[in-house]
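The structure appears right after this line, and notes come after that.
Read-outs: derived from the displayed coordinates by stated rules, not from any lab. This structure is a prediction, so every number in the text was calculated from the model and none was measured. Cβ placement follows ideal geometry from the backbone for every residue including glycine, while neighbour counts extend to all protein chains displayed.
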Amino acid sequence: MESVKGMALLSCWVSPYGLRCKIGLAEKAVEYEYREENLMDKSALLLQANPVHKKVPVLIHDGRAICESLLILYYIDEVCATGSPLLPADPYARAQARFWADFADKKIYECGTRLWKLKGEAHQEAKKEFIEILKVVEAELGDRKYFGGDAFGYVDIALVPFFAWFYTYETCGGFSVEAEAPKLVAWGKRCMERESVSQTLYDPLKVYEFVCSLKKKYGIE
Ligand code: GS8
């Protein structure tokens with residue numbers, strides 16, 4: 001890791017977790033080096049920086065590695081005095097923000113993957129569960145502008161990368177996210193008005209093409 005000066009982010013373009021870090025770094029206006037990883041042929045630097053999980057994203061700061069996207073966001077928030085704080089100051093509000101970010105990790109990606117990987121009854125089960133998840137997240141948002149209130153913050157950053165995956169989820173699942181959770185879609189569009197998000201999120205069609213190529217690779221359909 002000697003070769004890394006300042007901050008570097010190791011990630012892979014389609015990773016929603018990596019996108020969290022990119023958005024957080026953009027919100028904090030931090031300069032960093034971006035290194036795209038090929039997850040089929042991981043770099044020696046990635047294996048050295050994240051020997052436990054061997055996953056992206058990893059943030060390297062002055063030769064020291066920080067793993068796990070949500071922990072990287074805490075770290076950025078603590079070390080970068082620039083920009084607005086990502087987490088709220090109040091301990092209870094912080095705990096709530098962590099709860100919802102954790103919910104995103106435990107539910108959305110996992111159930112979304114079942115939506116495009118499985119067939120038959122298991123697929124129907126995943127669809128039902130995914131729609132419930134959308135409704136739970138939407139209820140938490142309520143009529144607020146962002147999850148933290150008026151300010152874009154930690155929970156928005158944890159969730160917004162999945163906005164680029166909605167098209168894939170609804171196409172594979174056979175439902176409309178907008179019909180099921182209109183306020184959540186309006187929130188996603190609001191987030192897209194921020195440069196940190198619009199400059200970072202990729203085209204939902206690109207994600208769909210990526211998932212179709214994975215399905216082919218795994219022999220699904
Ligand atoms: C998840 C990272 C992850 O799944 C986080 O950073 O928040 N909890 C972690 N990374 C995936 C790419 S995104 O699907 C990854 O690196 N996979 C490579 C592998 O599993 O070999």
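What share of the DSSP beta bridges in the chain is antiparallel, in percent to the nearest 5?
The antiparallel proportion sits near 70 percent.
Calculate one ³J(HN,Hα) per residue across region 113-125 by plugging θ = phi - 60° into the Karplus curve 6.51 cos²θ - 1.76 cosθ + 1.60, and present them in order as whole Hz with x for glycine and proline.
Each residue of region 113-125 in turn: 5, 5, 4, 9, 8, 9, 10, x, 5, 4, 5, 4, 5 Hz.
Distance cut-off 24 Å, Cα to Cα: go down the list LYS22/LYS117; LYS107/LYS127; LYS42/LYS128; LYS189/LYS216; LYS54/LYS107; LYS145/LYS206 and report the pairs above it. Before the final figure, lay out the partial values.
Details: LYS22/LYS117 27 Å; LYS107/LYS127 12 Å; LYS42/LYS128 36 Å; LYS189/LYS216 31 Å; LYS54/LYS107 22 Å; LYS145/LYS206 28 Å.
Exceeds cut-off: LYS22/LYS117; LYS42/LYS128; LYS189/LYS216; LYS145/LYS206.
Taking 7 Å along the Cα-to-C-beta vector as the label spot, tell me the ALA151-GLU221 distance in nanometres, rounded to one decimal.
About 4.3 nm, to one decimal.
Label points 7 Å out from Cα along the Cβ direction at LYS183 and GLU209: separation in nm?
Here the answer is 3.6 nm between the modelled labels.
Go through region 168-220 and name the chymotrypsin sites (Phe, Trp or Tyr not before Pro) that are in a DSSP coil and have 10 or fewer other Cβ atoms within 10 Å of their Cβ.
Values: sites: TYR169, PHE175, TRP187, TYR202, TYR208, PHE210, TYR218; in loops: PHE175, TYR202, TYR218.
Answer by residue number: TYR218.
Report the dimensions of region 91-217 along its three principal axes from the alpha-carbon atoms, largest first, rounded to Å.
43, 29, 24
Between ALA122 and LEU71, with labels modelled 7 Å along Cα→Cβ, what's the label distance in nm to one decimal, could you check?
3.0 nm
About the Cα centre of the chain, what is the dipole size in debye to 20, counting +1 per Lys and Arg Cβ and -1 per Asp and Glu Cβ, all else neutral?
In debye, rounded to 20, the chain gives about 440.
Using a cut-off of under 13 Å, list every residue of region 20-54 whose amide N is near the label point 7 Å from the Cα of VAL79 along the Cα-to-beta-carbon line.
25, 30-33
Of VAL136, PHE99, TYR169, which is farthest along the charge dipole of region 91-217 in the positive direction, counting Lys and Arg as +1 and Asp and Glu as -1 at C-beta?
Of the options given, the answer is TYR169.
Specify, per residue and in Å³, the volume enclosed by the convex hull of the alpha carbon atoms belonging to region 2-79.
Taking the convex hull of the Cα positions in region 2-79, it is 82 Å³ per residue.
Relative contact order of the chain, please, whole-number percent, based on alpha carbon pairs below 8 angstrom and at least 6 residues apart. Don't jump to the answer; show the numbers that get you there.
Numbers: 281 pairs, mean separation 44.6, N = 221.
Taking the mean separation of contacting Cα pairs over the length of the chain, I get 20 percent.
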